[in-house]
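Asks: Before we start, here is the structure in question, set down as structure tokens.
Rule-based calculations on the coordinates, nothing more; no lab input. What you see is a predicted model; the values in this text were computed from it and never measured. Ideal geometry is used to build each Cβ from the backbone, glycine not excepted, and the neighbour counts take in all protein chains shown.
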Amino acid sequence: MKNLRLKSARAAKDLSQADLAALCGVSRQTISAIEKGDYNPTINLCISICKALDKTLDELFWEE
């Protein structure tokens, strides 16, 4: 399932996939795969992404 909330939050901060990846210590391809729903990040990576985007885990990763 695509993570459009992550993509939207990243865009709202005016960050490219590469920018967010650098902040989180992963590759741009990893961020792309998470956004496309092709990769389930570890909880540590989820937390790192949330901190970088000033969002909670629920806001970015909880499925309704």
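Asks: How about region 1-29: which of its residues are under 24 Å from Glu64 (Cβ atoms) and part of a helix (DSSP H, G or I)?
Replies: Leu4, Arg5, Leu6, Lys7, Ser8, Ala9, Arg10, Ala11, Ala12, Leu20, listed by residue number.
Asks: Scanning for something part of a loop (DSSP other than H, G, I, E, B) and without any contact (Cβ under 8 Å) to a residue 12 or more places away in the chain, does region 42-53 turn up at least one residue?
Replies: Looking through region 42-53, at least one residue is part of a loop (DSSP other than H, G, I, E, B) and without any contact (Cβ under 8 Å) to a residue 12 or more places away in the chain.
Asks: Turning to a different aspect of this structure: Looking only at region 8-37, filter to residues that are surrounded by 12 or more Cβ atoms within 10 Å (Cβ to Cβ) and of a type in the set (Asp, Glu); which one of those is farthest from the chain's Cα centre (by Cα)?
Replies: Per the stated criteria, the residue is Asp19.
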